[in-house]
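**Q** Below are the structure tokens for one structure; questions will follow.
The values are calculated or read from the model by the stated rules, or taken from the named source; none is laboratory data. Here the structure is a predicted model, which is why all the values come from computation and not from measurement. Quick reminder, even Gly has a Cβ in these numbers, built from the backbone with ideal geometry, and neighbours come from all protein chains shown.
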Amino acid sequence: MTEAIKNKTGLNRRTFLKTGAAAAGLAAGSGAITGFPTIWAQNIKNVTLRQFGTGVSNLNDVANKVKEDLGFTLQMTALDSDAVTQRAVTQPDSYDIADIEYWIAKKVFPAGVMQPMDVSKMKYFDKIAPLFITGKLTPESKIAQGTAPHTVGFVESADATKFASEPTKWMTLIPTIYNADTLGIRPDLVGRDITSWADIMDPAFKGKASIINIPSIGIMDAAMICESLGTIKYGDKGNMTKAEIDQTVGFLIKAKTDGQFRSFWKTFDESVNLMASGEVVIQSMWSPAVAAVRSKGIACKYQPLKEGYRAWGGGLGLAKHLSGIELDAAYEYINWYLSGWVGAYLNRQGYYSAAPETAKTFMTADEWGYWMEGKAAVGDIVAPDGKVMEKAGAVRDGGAFEARMGAVACWNSVMDEDRYMVRKWNEFIAA
Amino acid sequence: MTASTAGHAALNKVSKPMRPPRKIWRWSNLPLVSYLQAMPLALILGLFLLLPILTIGMVSFWDYDSVRIYPDFVTFNYTETLGSWVTWKIYLNTFKFTLIVWLLTLFIGFWVAYFLAFHIRSVTMQMVLFLVCTVPFLTSNIIRMISWVPFLGRNGLINSSLIELGIVPKPIEFLLFSEFAVVLAMVHLYTLFMVTPIFNTLMRIDRSLIEAARDAGASGFQILTNVIIPLAKPGIAIGSIFVVTLVMGDFITVRFMSGGQSASVGLMMANQISLLQYPAAAANAVILLIVVLLIVAAILRVVDIRKEL
């Protein structure tokens, strides 16, 4: 906030010089001069951008690298996804860059607290995976249900708050990170092959199953389960009718009172502890949580299922109040984000980068083969922090990028009946 | 929290400024002065207690959607809350926890205090042992609660020892993520709130009363029921107010120890707040406040806590 105010104190000589230099720098940066330390790097050093978002991509390594490559300071704040939504809408002056998921953007963007980004200022726009532009990974793939990123990825004009039905030159978020989620299992304790979402309801796992207690994500997992059991046929899982919500929650309540679930988890570490301690042998899980269980030397598998994955995606958006040199810095940051270093970093954590081509140049052939092509690792696979994640010969659960992201059944979503769904979800937790 | 402040308010009534018997001119005779004297407390209570409660009351009538709240005057936050079976079930559940935890903490707390007050002879030793009781409070209550988890789990300390000793063939499941775990953790967390006030009142009991009762031929049990317990009532009441308000408002113990399997009013509010449904949570808070104030009023009606203070 203070940063923003300081720069709006009228047009004195200093700010005039600053903006003048910035404009010149931008002109230079846009084509003539490539490489990062551009002319205006002197001014940009004083800039601080405040980014906030969920924990997954708020990485200190990224902030350090930004300081090194771009010269300005990036302050990061990590919150849980509900708190992120709330802060994005109610305190728009408290951040410059919002690192949010697409379903959160569906709630936040219509509130008019963010500004869309000009596609023509993005150097790597054409490198962004088509999943975020047209919704299709390959021209022949089917569009998944739920809040698919491309449906909330664009608006019609610079000050529009309504989403456009097809790609325009104004983007709401630039995609940064995404993944396909499935169930995590303890292969040593389940004692059978797990092939379907329905397996979590197997009486053999009574008192040994768990699902996530974040309504907008948990309801999707529940829908995948109900659909594969054949108990409910959905029109669109990502946008249920009241009757479908009633049925889904009714199903969950019955399973809960029958004692199917051991616990419900809300945070990353809870899910890791449940699995590592053997309290639970099959549950909804996030990919780094699976890696965390494995790093304790405990077998844990991110089991691909025949119905497909529940996917999620996040991106960076700009606060409405950003202008002048801060806005330029933000664009510089976005371009840097897509230029490959961060992409490679995220790929190495088991997520996917939005511009795979640029990330490839920052990864070794072996890393690329393991994470993206589903090949057996030739050497040990090392996490960004230097810890060995997988021994040589390991193959990624679910295989190649196309196999995983191509089998997405639905995206995390916000429904029209959101409020009703949340109320029913509370009933499930209370029952 | 609010209920305990109500308790304070009741205590404050006692110290009304007394007028001196003869009319001598003093600063304190001016009506303005007494107002000024009451001002700091009134300001603090007004700003930090009354104003927030009024705000909560106001917001409980507002409208909301999935991200924002809108100033309005609607009553559906109350009708939705009171009209739902979930609310009633959760209140019932919360009362159940409160009753069980209250009975257990009262029983344990009373006997710990009794032991400290009557069986330990030297005052130094009494104080040392009392301080020992407070040692766990040097750590955060979340840590104290979480530390039960590795202890009670399926492969936790208790289960693995029981299995190794051959007492049970397979792990006992109800130890963790159950109502048992919630009650256990709450009793552990809140018993000291019972011990302290009861110990305090027991220490004030004139020992000659007990000797007199003994001389008059009372048995140990009669002394307990006719002398000690009646005189300990204010301490029991204060301890009960602490425990009842803490348990009624608790959400984190219920969430962690039941693993989301069980609900309490506080947890219901926490869920609503995390989903940005502030008006609904505010309506819930107002209802809870009224319920807790009623319970505290009932306790104060049974026991006159001013008598002993």
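**Q** Quick check: is even one residue across segment A:397-413 touching a residue at least 12 places away in the same chain (Cβ under 8 Å), on the phi > 0 side of the Ramachandran plot and surrounded by 18 or more Cβ atoms within 10 Å (Cβ to Cβ)?
**A** So far as segment A:397-413 goes, yes, one or more of its residues are touching a residue at least 12 places away in the same chain (Cβ under 8 Å), on the phi > 0 side of the Ramachandran plot and surrounded by 18 or more Cβ atoms within 10 Å (Cβ to Cβ).
**Q** Here is a follow-up. Can you pull out every residue in segment B:137-159 that is touching a residue at least 40 places away in the same chain (Cβ under 8 Å), surrounded by 13 or more Cβ atoms within 10 Å (Cβ to Cβ) and in a helix (DSSP H, G or I)? Give the derivation first.
**A** Taking segment B:137-159 and keeping what is touching a residue at least 40 places away in the same chain (Cβ under 8 Å), we get B:137, B:141-142, B:144-146, B:148-149.
Filter once more, keeping what is surrounded by 13 or more Cβ atoms within 10 Å (Cβ to Cβ): B:141, B:144-146, B:148-149.
Those that are touching a residue at least 40 places away in the same chain (Cβ under 8 Å), surrounded by 13 or more Cβ atoms within 10 Å (Cβ to Cβ) and in a helix (DSSP H, G or I): B:N141, B:R144, B:M145, B:I146, B:V149.
**Q** Give the residues of segment B:258-278 that are among the hydrophobic types (A, V, I, L, M, F, W, C) and at the interface with chain A (Cβ under 9 Å from one of its Cβ atoms), sorted by residue number.
**A** Within segment B:258-278, B:A263, B:L267, B:M268, B:I273, B:L275, B:L276 qualify.
**Q** May I pose another question? Just wondering, is there one or more residues in segment B:109-132 that are assigned to a helix (DSSP H, G or I) and closer than 30 Å to B:I287 by Cβ?
**A** yes
**Q** Which of the following residues is within 14 Å of chain B (Cβ to nearest Cβ), outside any helix (DSSP H, G or I) and closer than 27 Å to A:A105 by Cβ: A:V414, A:V422?
**A** So the residue among A:V414, A:V422 that is within 14 Å of chain B (Cβ to nearest Cβ), outside any helix (DSSP H, G or I) and closer than 27 Å to A:A105 by Cβ is A:V414.
**Q** Which one of these is surrounded by 16 or more Cβ atoms within 10 Å (Cβ to Cβ) and either without any contact (Cβ under 8 Å) to a residue 24 or more places away in the chain or not assigned by TED's automatic domain parsing to the domain that holds A:G340 (or both): A:A63, A:A105, A:A78, A:A144?
**A** The match here is A:A63.
**Q** Only one of (1) more than 30 Å from A:F125 (Cα to Cα); (2) away from chain B (no Cβ under 14 Å); (3) of a type outside the set (A, V, I, L, M, F, W, C) fails for A:K206. Which number is that?
**A** That leaves (2) as the condition not met.
**Q** Among the residues of segment B:202-209, is any free of Cβ contacts under 8 Å to residues at least 40 places away in the same chain, part of a helix (DSSP H, G or I) and among the acidic types (D, E)?
**A** Looking for residues that are free of Cβ contacts under 8 Å to residues at least 40 places away in the same chain, part of a helix (DSSP H, G or I) and among the acidic types (D, E), one finds none in segment B:202-209, hence no.
**Q** So, in segment B:160-186, of the ones that are assigned to a loop (DSSP other than H, G, I, E, B), at negative phi and within 13 Å of chain A (Cβ to nearest Cβ), which residue ends up surrounded by the most Cβ atoms within 10 Å (Cβ to Cβ)?
**A** Going through the qualifying residues, I end up with B:L176.
**Q** Here are B:L267, B:L246, B:L276: which of them is in contact with a helix residue (DSSP H, G or I) (Cβ under 6 Å, 6 or more places away or on another chain) and assigned to a loop (DSSP other than H, G, I, E, B)?
**A** Only one candidate passes the filter, namely B:L276.
**Q** Only residues that are in contact (Cβ under 8 Å) with a residue 60 or more places away in the chain and not β-branched (V, I, T): list them for segment B:72-88, please.
**A** Result: B:N77, B:Y78, B:E80, B:L82.
**Q** Within segment B:248-257, is there a residue that is of a type in the set (S, T, Y), away from every other protein chain (no Cβ under 14 Å), within 26 Å of A:W265 (Cα to Cα) and buried (at least 22 other Cβ atoms within 10 Å of the Cβ)? Let's see the steps before the verdict.
**A** Restricting attention to segment B:248-257, the residues satisfying the condition of being of a type in the set (S, T, Y) are B:253.
In the following step, the residues that additionally are away from every other protein chain (no Cβ under 14 Å) were identified as B:253.
Going one step further and asking which of them are within 26 Å of A:W265 (Cα to Cα), we end up with B:253.
Now drop any that are not buried (at least 22 other Cβ atoms within 10 Å of the Cβ), which leaves B:253.
Yes, that holds for at least one residue.
**Q** Only residues that are at pLDDT below 95 and of a type in the set (S, T, Y): list them for segment B:212-244, please.
**A** B:S219, B:T225
**Q** Out of the residues in segment A:230-273 that are of a type outside the set (S, T, Y), touching a Cys at 6+ places or on another chain (Cβ under 6 Å) and not in a loop (DSSP other than H, G, I, E, B), which is farthest from A:D82 (Cα to Cα)?
**A** Only one residue fits best here, namely A:F251.
**Q** When you look at B:M127, is it at pLDDT below 95 and surrounded by fewer than 13 Cβ atoms within 10 Å (Cβ to Cβ), yes or no? Break it down into steps so the answer makes sense when it comes.
**A** Working: at pLDDT below 95: yes; surrounded by fewer than 13 Cβ atoms within 10 Å (Cβ to Cβ): yes.
Judged against the criteria, B:M127 is a match.
**Q** Modelled with pLDDT under 95 and in a helix (DSSP H, G or I): does that describe A:E373? First the steps, then the outcome.
**A** Working: modelled with pLDDT under 95: yes; in a helix (DSSP H, G or I): no.
Spelling it out, it is not the case that A:E373 is modelled with pLDDT under 95 and in a helix (DSSP H, G or I).
**Q** Please find, within segment B:41-67, the residue that is nearest to B:V286 (Cα to Cα) out of those that are within 14 Å of chain A (Cβ to nearest Cβ) and in contact (Cβ under 8 Å) with a residue 40 or more places away in the chain.
**A** Taking the candidates together, the pick is B:V59.
**Q** Have a look at A:A223, A:A255 and point out the one that is surrounded by fewer than 23 Cβ atoms within 10 Å (Cβ to Cβ) and closer than 28 Å to B:V254 by Cα.
**A** Residue meeting the stated conditions: A:A255.
Matching residues to (1) part of a helix (DSSP H, G or I); (2) within 28 Å of A:F109 (Cβ to Cβ); (3) of a type in the set (D, E, K, R); (4) not assigned by TED's automatic domain parsing to the domain that holds A:R404:
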{"site": "A:D193", "(1), (2), (3), (4)": "no, no, yes, no"}
{"site": "A:A198", "(1), (2), (3), (4)": "yes, no, no, no"}
{"site": "A:S210", "(1), (2), (3), (4)": "no, no, no, no"}
{"site": "A:I217", "(1), (2), (3), (4)": "yes, yes, no, no"}
{"site": "A:M275", "(1), (2), (3), (4)": "yes, no, no, no"}
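**Q** Just name the residue that is surrounded by the fewest Cβ atoms within 10 Å (Cβ to Cβ) out of those in segment A:385-396 that are assigned to a loop (DSSP other than H, G, I, E, B) and out of contact with any helix residue (DSSP H, G or I) (no Cβ under 8 Å at 6 or more places or on another chain).
**A** A:G386
**Q** Also, quick follow-up: Look through segment A:341-384, keep the residues that are aliphatic (A, V, I, L, M) and within 14 Å of A:L59 (Cα to Cα), and return whichever of them is surrounded by the fewest Cβ atoms within 10 Å (Cβ to Cβ).
**A** Result: A:A383.
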